[in-house]
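The values are calculated or read from the model by the stated rules, or taken from the named source; none is laboratory data. Small disclaimer: the values here were computed from a predicted structure and weren't measured. Here Cβ is always computed from backbone atoms with ideal geometry, including for glycine, and neighbour counts include all displayed protein chains.
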Amino acid sequence: MSIRVDRHIAVAAAAVVWLTMGVLTGPVLSVTPLRVCSVAGSVAALAAAAYEPLIWRWSSVRRLTGVPLLAGTWRGTIVSSYVHRGGAATAPMPAVARITQTGSKITVTVLTAESSSRSSHARLRRLPDQRWSLSWFYENTPRVAVRHRSERHCGWADAAVGGAGAGLVGEFFTDRLTRGEVRFDEWSPTMYATAEAALRAADFQAPRPFADRRP
């Protein structure tokens, strides 16, 4: 199950409602049913347009869909198998993942002190064990000062989204034939622009990506 939502479905549903009301009112249509149909169609169209940027985020809606709210900045660590020129291993690196999310799209930007990467394609889907998986292809661009030992590269990452407080935990592979692990255990609703700002910030908390189920 992915998070794609086709707004055309809602528009089509509004058209069907309008047509059905017209048939039920008979060959001579009064003004009132037409106005009701027009209002119903407009409301359905507006709801379809508002779902993508806004309505999907509502807790009441996410209780039904189960979709996690990941938008914001996540803070954690990246561990890579990459070996620098000269044979030096890569130490675990503090990192942040900045995630933007709508009803059908999601993007992931990972920032460290030495590089930044942005997803070219990302997908959020439900796993058979009821967790969710966030996977993305990315291009990593190291800062100019470190490109003598770390080149630009592409890769793929996949992280599972567990329950409350579980964070994002997964792995990645690159075209440099390296691999590693990602772990983001803290979350903030603030969209930080740099790793330095996010790593210094005090507003991070244990993540709660899922809407609470009412008893």
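Numerical summary
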| item | result |
| --- | --- |
| Residue match in the stretch 183-191 (condition: β-branched (V, I, T) and touching a residue at least 40 places away in the same chain (Cβ under 8 Å)) | yes |
| Residue list for the stretch 194-215, restricted to those being small (G, A, S) and either in contact with a Pro (Cβ under 6 Å, 6 or more places away or on another chain) or modelled with pLDDT of 95 or more (or both) | A195, A197, A198, A201, A202 |
| Matching entry among A44, A91, A95, A13 (being in a helix (DSSP H, G or I), at negative phi and either β-branched (V, I, T) or at pLDDT 65 or above (or both)) | A44 |
| Counted residues, the stretch 193-212 - those being under 26 Å from R131 (Cβ atoms) and surrounded by 17 or more Cβ atoms within 10 Å (Cβ to Cβ) | 6 |
| Test result for H153, loosely packed, with under 14 Cβ neighbours inside 10 Å, touching a residue at least 12 places away in the same chain (Cβ under 8 Å) and farther than 18 Å from E196 by Cα | no |
